[in-house]
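Rule-based calculations on the coordinates, nothing more; no lab input. Bear in mind that the values here come from a model prediction, so they are computed numbers and not experimental data. With ideal geometry, Cβ positions are generated from the backbone for all residues, glycine too; neighbour counts draw on all protein chains shown.
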Amino acid sequence: MTEKIKKNRVLVGKPGLDGHDRGAKFIAQALRDAGFEVVYTGIRRSPEEIAAAAVQEDVDAVGLSSLSGAHMRLFPAVVEALAKAGAPDIPVLGGGVIPEEDIIELKAAGIVEIFTPGTPIDTIISAYRDACEKKSTG
Amino acid sequence: MTIDRLLEGLRQRDPRAIGRAISLVENGDESAEIILSSLDENLVSQATILGITGPPGAGKSTLTNEIIAKLRHQEERIGIIAIDPSSPISGGAILGDRIRMMQHATDKDVVMRSMATRGRLGGLCATAGAAVRIMASCGCSTIIIETVGVGQSEMDIIRLADITILVMAPGLGDEIQAMKAGLLEVADILVVNKADCKGADILAMDLEAVTRKGSATPTQVCMTVATEGKGVTELLDRIDKLDSEHRDSGERQKRRRGAHNQEVLDWCLEILRPQLLDKIIKRKLSVLGDPRLKAKKILEEK
Amino acid sequence: MAKHPKLAEWEENELAKSLSRFPERKAKFTNHGGDEIPRLATPETIDEHYLDNLGFPGQYPYTRGVQPTMHRGRLWTMRQYAGFSSAAESNKRYRYLLDQGTTGLSVAFDLPTQIGYDSDDQMSIGEVGKVGVAIDSLADMETLFDQIPLDKVSTSMTINSPAAVLLAMYVAVGEKQGVAPKDIQGTIQNDILKEYVARGTYIFPPKPSLRLITNIFQWCGQNTPAFNTISISGYHIREAGSTAAQEVAFTLANGCTYVQTALDAGLELDVFARRLAFFFNASSDLLEEVAKFRAARRLWARLMKERFGAKNKASLMLRFHTQTAGNTLTAQQIDNNIVRVTIQALAAVLGGTQSLHTNSKDEAHSLPTEESVRTALRTQQVLAHESGVVDTIDPLAGSYYIESLTDKIERDALALIDKIEESGGVVKCIEDGFIQRQIENAAYQYQMEIERGERIIVGVNKFQIQEEKKPPLLRVAPEVEESQIAKLTEVKNNRNNEQVASLLTRLETAAQGDDNLMPFIYDCVKEYATLGEICNVLRKVFGEYKDRG
């Protein structure tokens with residue numbers, strides 16, 4: 001059969017109105033340099049737009065970033081939008097200025113991993129890799 | 001997703017199924033064969049495939065976005081395949097073309113897919129071709145392939161298109177000079193985008209002059225300001241006119257055949273590559289001696 | 001040794017004039033031992049090179065400062081950026097800050113306000129009152145400045161795309177307090193170009209956005225002459241990850257674009273240029289930052305004089321606000337942030353800032369608490385009253401390193417400005433993503449140096465500890481969104497809706513033509529038309545800008 005080249009594909013985007021994309025762009029670049037294909041959707045996206053793009057691009061994971069404090073509303077909204085778009089299996093990871101007690105709640109709402117400022121990039125990359133691989137085999 | 005559910009999804013034109021089907025082909029999965037042989041060939045042969053190429057910064061994505069908006073106005077279902085280069089070092093890629101087209105993200109009749117070149121030589125042509133067929137079979141009457149016009153693999157992809165549009169913009173510098181020769185030959189329509197910027201008229205005249213040299217009918221240049229949607233209606237009229245001319249004259253069929261042959265060739269290489277590599281490794285070849293001769297020997301043996 | 005004639009000239013002219021109008025803070029500045037601290041140290045021999053490149057403070061090219069006495073005359077304005085939740089909540093915080101000795105207000109608006117959405121808009125979900133105060137109509141603005149006299153306090157407002165609307169509301173509140181427009185003081189950020197590249201709160205495409213900015217320049221020139229009409233901001237460009245030289249380059253290139261646009265609209269350079277203000281970042285590389293401020297001042301003066309032919313001295317002066325670098329704050333061992341902020345604030349003071357915001361130690365976790373805001377303000381007060389660096393002007397001048405770095409930053413920035421110019425100008429470089437890519441690459445490189453441990457961030461990639469105690473958090477209650485929507489509904493029920501509709505239609509017609517939109521917007525806000533209603537009218541006429549990535 002033909003050559004098999006499965007690549008990890010992820011979507012990185014910013015839901016809500018926050019325009020600070022330094023972190024999101026850094027994650028996108030770092031994932032690229034770790035061999036991922038990264039669909040970058042930019043700032044100020046609605047959860048529905050992010051979910052629709054994730055489905056069309058058939059990504060293995062979605063990464064979100066929010067620094068405006070709106071994560072409690074927006075991150076779970078993306079999880080819901082994915083389920084509604086028929087892709088409840090695509091894992092969602094998130095990052096930003098997020099207090100510890102919110103992390104517990106966000107995980108309960110289905111976000112698989114949350115990264116806060118200062119998390120080493122290797123930790124983040126391997127979390128994405130795990131999420132992608134788990135999704136492919138699952 | 002089981003293959004049966006996937007095929008059913010494709011019949012339903014479900015975005016999830018379309019996305020997955022393209023991935024399976026792109027990843028060289030065994031199920032690709034079943035998927036690709038289940039498609040509606042009639043729809044595939046009717047669809048119009050547009051190639052949009054040009055240097056970085058010319059405004060291809062913004063122009064594509066405007067074309068989508070106009071075509072959606074005519075209630076067409078549209079497919080977009082946006083191709084970005086993979087990093088030669090890591091093999092990863094940032095696929096950022098969607099950013100400029102996010103306004104159509106939740107439109108069910110805009111099917112978009114970003115693709116990385118994955119460092120393949122001809123293979124990209126095979127996978128992009130398959131994506132075109134999947135989209136067409138799922139009802140997309142126009143499919144746009146957008147790619148940066150540099151590098152051999154990008155040039156090959158353009159051969160899949162029925163009509164190729166080359167987008168340029170003033171002030172992009174020397175790289176244009178380098179590209180002119182190759183890309184001008186394959187372009188059916190030339191677009192000078194950012195027509196409101198200094199140097200646009202001169203660029204248009206230069207381009208016309210270059211095309212005049214090679215042919216009796218110089219390629220007419222379309223002027224657009226994609227960020228404001230200006231000139232896009234005229235461009236679409238030109239595309240329509242040329243498309244029907246090509247359909248009448250048989251040019252379209254000729255191109256399709258050429259593209260098809262190219263795709264078959266690419267698939268041959270796709271299939272052969274792992275088999276050959278396997279053989280080569282098994283032989284434990286010595287590093288001495290002529291590689292070309294060794295290749296011939298391997299190919300000759302049955 | 002005889003005094004250099006140029007120095008004597010400066011003393012007799014600029015300095016004497018300034019002293020007669022604004023006496024220095026003390027009659028005599030002395031150290032602990034009683035020695036007098038000189039106002040200005042100069043090289044033993046003042047040569048042409050010194051006069052061309054440094055000059056004396058308050059003198060072209062303003063390398064040593066824009067005023068002849070600098071911080072000996074008046075300290076910088078201690079202006080803490082604040083605002084969250086509702087107008088009433090923020091009003092309380094402002095009055096607390098004024099009680100604690102801040103000398104100017106700086107309003108943070110929430111994201112829906114910054115992007116021109118009312119609190120009940122679908123797009124506002126989850127964001128109401130989060131990063132600043134929610135303002136939907138004049139009613140909120142009245143609450144925000146309740147019992148704060150607008151003729152006594154100068155207010156800076158971080159608002160860009162809908163700046164015209166918020167400015168109109170501010171002036172209207174002033175009028176209700178009995179303060180004439182000509183007496184209001186402050187600054188409106190009004191800098192859309194950096195929003196496209198670094199901050200993201202744009203609404204309209206560049207062309208109509210620049211028109212609105214020019215409208216504000218013109219209207220303020222006639223109505224609020226003491227108000228700074230723009231704060232051309234490098235702060236966010238630096239926060240997005242640019243280098244120091246890029247910060248200067250992109251900021252001044254944006255500045256040149258605003259100047260050119262206003263000139264093209266027929267405004268007179270020496271009338272509007274004196275109300276242009278700047279806003280820079282102060283990061284932790286102390287010496288580089290000091291050199292950066294000096295280089296920016298000199299380069300702007302030269303650009304204004306040589307490229308635009310400005311004649312009025314005030315048009316040549318780069319006056320700036322500074323904020324310490326938010327991106328350097330760590331979530332780990334947050335007390336270390338106080339030290340970082342101190343170094344950064346010191347850089348701003350040594351660099352000759354006109355006003356300063358110091359960040360609070362807990363901002364990598366959430367909005368700052370009242371206590372941490374107080375410490376941040378105290379940091380400025382310690383620098384002002386205890387450090388002694390304010391008693392002599394531009395104290396780092398003449399250091400081989402500082403001067404050569406000042407030259408280098410000016411050179412690098414100018415090269416970038418010229419490159420942008422050659423590539424068709426700022427707007428085109430934004431649409432191409434050229435500027436964004438430059439910033440992105442610099443940010444990536446910097447972050448990778450941290451990841452590889454080549455750059456040490458104390459407490460993050462070295463000297464880490466296990467932390468048990470979590471800082472107290474300030475949260476915006478989720479009910480804020482509901483109550484804000486309720487207030488908005490009430491406003492809509494109690495105003496003259498027919499009048500509002502007709503004023504909005506007038507605004508729409510005006511937007512389609514070439515009139516200055518400020519008077520139309522002013523009429524709308526006075527009748528309690530909402531921010532969202534006004535911006536939606538403009539969206540309809542102008543269209544919306546799409547992210548270029």
Across chain B, how large is the tail of the calculated P(r) beyond 25 Å, expressed as a percent of all Cα pairs?
-> 52
Please work out the Kirkwood hydrodynamic radius for chain A, using every pair of different C-alpha atoms, and report it in angstroms with one decimal place.
-> 14.7
For chain B, longest principal axis from Cα atoms; helix B:15-26 axis from its Cα atoms; angle between them, nearest 10 degrees, is 50
Any idea what diffusion coefficient region C:212-265 gets from Stokes-Einstein, in µm²/s, Kirkwood Rh on alpha carbon pairs, 37 °C, 0.692 mPa s?
-> 268
Starting from the Cα-Cα distance between C:Asp183 and C:Arg411, subtract it from 0.36 nm times their residue separation and give me the gain in nm to one decimal.
-> 78.1 nm
Two-decimal Rg/Rh of region C:105-257 from alpha-carbon positions, Kirkwood Rh?
-> 0.97
Considering only the other residues whose Cβ falls under 13 Å of the Cβ of C:Thr103, what net charge follows from Lys and Arg at +1 and Asp and Glu at -1?
-> +2
Tell me the label-point distance for the pair B:Ser249, C:Arg95, using the 7 Å Cα-to-Cβ offset, in nm and rounded to one decimal.
-> 8.0
So if R0 is 41 Å, what FRET efficiency would C:Lys26 and C:Val339 give, r being the distance between their Cβ atoms, rounded to the nearest 0.05?
-> 0.90
Asserting the computed 222 nm helical MRE of the protein assembly as shown (DSSP H runs at least 4 long, -39500 (n - 2.57) per run, divided by residue count, to nearest 500) equals -15000 deg cm²/dmol
Could you work out the per residue convex hull volume over the alpha carbons of region C:480-542, in cubic angstrom?
-> 81
Return C:Trp219, B:Trp267 ranked ascending by Cβ neighbour count within 10 Å, so the fewest neighbours appear first.
-> B:Trp267, C:Trp219
Can you check how the C-alpha radius of gyration of region C:247-383 compares to 2.2 N^0.38 Å, as a plain ratio?
-> 1.21
Treat the count of other C-beta atoms within 10 Å as a stand-in for reagent exposure and order C:Tyr170, C:Tyr528 from fewest to most.
-> C:Tyr528, C:Tyr170
Total formal charge among the other residues, if their Cβ is under 14 angstrom from that of C:Ser502, Lys/Arg +1 and Asp/Glu -1 = -2
Ranked by Cβ crowding within 10 angstrom, fewest neighbours first, how are C:Ile343, B:Ile298 ordered?
-> B:Ile298, C:Ile343
Any idea how far apart B:Arg283 and C:Val389 come out in nm if each label point goes 7 Å out from Cα toward Cβ?
-> 7.2
In whole percent, the Cα-Cα distances of chain C spread across 20 Å bins from 0 upward as 21, 56, 22, 1
Across all directions of projection, what mean area in square nanometres is found for the Cα convex hull of region C:1-53?
-> 5.0
Ratio of the Cα radius of gyration of the protein assembly as shown to 2.2 N^0.38 Å, where N counts its residues | 1.01
